[in-house]
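Structure record follows, encoded as structure tokens.
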Amino acid sequence: MTAKKSEKKGSLPEPNVCDCPETGEKSSGKSSSDNRAIILNCEMMERRMVLLNNNRLEEYQVERDDDTPKTGNIYLGKIINLDPLLQAAFVDIGAAKNAFLHYSDMLQGYPELAEKYRSEHPESEAQEGGKKKKKKAAKTAAQAENIRIAKGITAADIPNIFKPGMMVLVQVVKSPISTKGARITTDITIPGRYLVLMPYHNNRNLSSRIESTSERERLKKVISELELPQEMGLICRTVGEGRKSTFFKRDLKLLLDYWHGIEKERAKHNTPKLLFTEPNLVDRTLRDFLTEDIGQIVVDDPQARDHIISTMKRIGTAKMARKVSLYKGSLPIFDFYKINQQLKDVFQREVKLPSGGAIVIDETEALIAIDVNTGHSKNSAADQPEFILKTNLEAAEEIYRQLRLRNIGGLVVIDFIDMKSPQHREEVFKTMRKLVKSDRARTKVLPLSNFGLMEMTRQREQESIKDQIFNFCPYCGGSGLVKSAVTMSAEIQRKLNSVLKNKSNKNVPVRVFMHPDILARLRNSDAKLLEDIEKRHTNDLSFRADPVLHYEEFRIVDAVTGSELQ
């Protein structure tokens, strides 16, 4: 089979398109596990990763090299000021905008400061006990400062513990979004392949997604035997299920090395400084998405391929190295797998459903609004309860997929098609709740309201894919709307009448510049109206097209001097 013929397949790699360097043998691309595949596109300016399930897009991530604070980065920051009304500190971490540190996120990394304050102010706990006995009343700004932050410490106490100019070790928990700076915390966590290191917690826990009772007991014993400083804690990740203690020991050593490196760098600096960078997209993919059910890992860069294989050996997944293939086709890798074709749907407002219906997604500043429609089906069953249920269940699955693909979060409100049956409403709710259990972002779902709306929240750690890829349109400013030619014609005539009525402009030759489309409207549909204006005034009028002008912009100038006329 020739290379050209193989590239037309677009499903699994053919032997002369991809090969596996680990064995030196050509890879057929067939997976003995299933049809889940990770595809990595590594370029100079941008790296992209997709997770395919039976050739269908399931996850999409984009990374570019810039100085924007990324979720997981650890900084030595400087407190600039504390705002009691917002109950937050603004911290300089060396970024364009100061980071936001809420009072409730300040004490985890500084338990010694909290303990010292309690010992010096023993009356705090007594005062706290007295406040509990007071009758409930409407909260005022002063009362809000008494919100409990930690045992014996309220929001009003924080400015006495943390002062402007103080250096603090912080971690980004939410990247800058829109006009907002990064959200940070002093509660540091460093995730590895199998473990998450928590330097300021002394407990050892397991991921709640590990369900087997016997396996949970085994893993508890394994992580309890790991040698760890007394003040530190661990979380065993889901991917650690079934792994031997050797894997955890190796992972823990790497995490502790990271932490010791951070502490060493911290001691060297007294100004805002980046101390630890979240791994790049390739390493994060191996850490967060590489599981036993992945049947294929295809990358289009030889260096990235070699790095992936060496990383696999280091984290104890060397047997999976045979699943790594280097893509050698002449087509771009995303074209070969028909990924670009699927990505178009990610940026569309409307997404079609198999039944003929559709979901419409609108991202706003306050929330994500999603509407579910049956479409223009001529099927007589379109109004039947079973058909509506089927469409809503399809919509639930597609909504969950789109939320992940678009990386959107915050408050999500879904307007499902009205269902009269309580059983059907419950089924849609249970389906959505089941779907979000596998989401890496923390998600909460509420049952359908009396108005047929489902509310859910999804953790938002960084900008959505849409915000990463697109800028606001310079014409409409992101509204999707511009004034019509009729509206602009009316505005030009209104302004022209005002200018010509000005006595200081009497007999001045007037020239009007506008967008070519607006001029076409004036010369054709509105020509008679312009003639009427000329008859009423003594000015010599001329009209010119200027393609540089915005569609909603025009200029009225003195034809001789070129100065603007008012």
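The values are calculated or read from the model by the stated rules, or taken from the named source; none is laboratory data. Remember, it's a predicted structure, so these values are computed and weren't measured experimentally. Glycine also receives a Cβ, built like all others from the backbone with ideal geometry; neighbour counts cover every protein chain displayed. All accessible areas refer to the heavy atoms of the entire protein, side chains included, with ligands and DNA or RNA removed. Shrake-Rupley method; radii C 1.70, N 1.55, O 1.52, S 1.80 Å.
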Odd one out for T68, checked against (1) at pLDDT 90 or above; (2) surrounded by 14 or more Cβ atoms within 10 Å (Cβ to Cβ): (1)
Residues being open to solvent by 90 Å² or more (accessible area, probe 1.4 Å) and modelled with pLDDT of 85 or more - total across the stretch 96-133: 2
Those residues of the stretch 224-253 which are within 17 Å of I315 (Cα to Cα), without any contact (Cβ under 8 Å) to a residue 60 or more places away in the chain and assigned to a helix (DSSP H, G or I), in sequence order: T238, V239, G240, S245, F248, K249, K253
Scope the stretch 399-419; condition aliphatic (A, V, I, L, M) and either open to solvent by less than 30 Å² (accessible area, probe 1.4 Å) or over 14 Å from L367 (Cβ atoms) (or both); matching residues: I399, L403, L405, I408, V412, I414, I417, M419
Long-range neighbours under 7 Å by Cβ, at least six apart or interchain, first residue open to solvent by 60 Å² or more (accessible area, probe 1.4 Å) within the stretch 466-484, second charged (D, E, K, R): K466/E363; K466/R406; V482/E552; K483/E552
Filter result for F162 (open to solvent by 40 Å² or more (accessible area, probe 1.4 Å), at pLDDT 75 or above and of a type in the set (F, W, Y)): no
Strands (runs of 3 or more DSSP E) (entirely within the stretch 340-435) containing at least 3 residues that are within 20 Å of P447 (Cβ to Cβ): 368-373, 410-415
Count of residues meeting criterion [more than 14 Å from V299 (Cβ to Cβ) and aliphatic (A, V, I, L, M)] in the stretch 318-338: 2
V360 over 16 Å from the mean Cα position of the chain (by Cα), surrounded by fewer than 18 Cβ atoms within 10 Å (Cβ to Cβ) and under 30 Å from F472 (Cα atoms): yes
Residue tally, condition open to solvent by 60 Å² or more (accessible area, probe 1.4 Å) and under 21 Å from N539 (Cβ atoms), over the stretch 485-497: 2
All positions within the stretch 436-452 that are open to solvent by 60 Å² or more (accessible area, probe 1.4 Å) and either outside any strand (DSSP E or B) or in contact (Cβ under 8 Å) with a residue 40 or more places away in the chain (or both): K437, S438, R440, R442, L446, P447, N450, F451
Matching residues in the stretch 165-188 - criterion: being hydroxyl-bearing (S, T, Y) and surrounded by fewer than 18 Cβ atoms within 10 Å (Cβ to Cβ): S178, T179
Single condition P354 does not satisfy, out of (1) under 23 Å from N55 (Cα atoms); (2) surrounded by 14 or more Cβ atoms within 10 Å (Cβ to Cβ): (2)
Residue satisfying condition, being basic (K, R) and out of contact with any strand residue (DSSP E or B) (no Cβ under 8 Å at 6 or more places or on another chain), within set R237, R218, R266: R218
Only listed residue being out of contact with any strand residue (DSSP E or B) (no Cβ under 9 Å at 6 or more places or on another chain), among the charged types (D, E, K, R) and buried (at least 16 other Cβ atoms within 10 Å of the Cβ), chosen from R204, R193, R209: R193
Any hit, the stretch 277-296, residues being surrounded by 20 or more Cβ atoms within 10 Å (Cβ to Cβ) and touching a Phe, Trp or Tyr at 6+ places or on another chain (Cβ under 9 Å): no
Helices (runs of 4 or more DSSP H) contained in the stretch 277-339 and holding at least 2 residues in contact with a helix residue (DSSP H, G or I) (Cβ under 9 Å, 6 or more places away or on another chain) and among the aromatic types (F, W, Y): 333-336
Failed criterion for R555 (all others in (1) open to solvent by 40 Å² or more (accessible area, probe 1.4 Å); (2) touching a His at 6+ places or on another chain (Cβ under 8 Å); (3) at pLDDT 90 or above hold): (2)
Looking only at the stretch 327-342, and only at residues there that are aliphatic (A, V, I, L, M) and surrounded by 18 or more Cβ atoms within 10 Å (Cβ to Cβ), the one that is farthest from V360 (Cα to Cα): I333
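What residue, among those in the stretch 366-388 that are polar (S, T, N, Q) and modelled with pLDDT of 60 or more, is farthest from R458 (Cα to Cα)? It would help to see each step written out before you state the result.
Taking the stretch 366-388 first, the residues polar (S, T, N, Q) are 373-374, 377, 379-380, 384.
Now narrow it down to the ones that are modelled with pLDDT of 60 or more: 373-374, 384.
Values: N373: 23, T374: 26, Q384: 32 Å.
Selected residue: Q384.
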For T154: the one exception among (1) touching a residue at least 60 places away in the same chain (Cβ under 8 Å); (2) open to solvent by 10 Å² or more (accessible area, probe 1.4 Å): (1)
Test: residue in the stretch 527-540 that is outside any helix (DSSP H, G or I), modelled with pLDDT of 90 or more, open to solvent by less than 30 Å² (accessible area, probe 1.4 Å) and in contact with a helix residue (DSSP H, G or I) (Cβ under 9 Å, 6 or more places away or on another chain): no
A321, sole failed condition from (1) more than 29 Å from the chain's Cα centre (by Cα); (2) surrounded by fewer than 17 Cβ atoms within 10 Å (Cβ to Cβ); (3) touching a residue at least 60 places away in the same chain (Cβ under 8 Å): (2)
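Does E217 satisfy the criteria of being outside any helix (DSSP H, G or I), open to solvent by 60 Å² or more (accessible area, probe 1.4 Å) and at pLDDT 90 or above? Working first, answer last.
Working: outside any helix (DSSP H, G or I): no; open to solvent by 60 Å² or more (accessible area, probe 1.4 Å): yes; at pLDDT 90 or above: yes.
In short, no.
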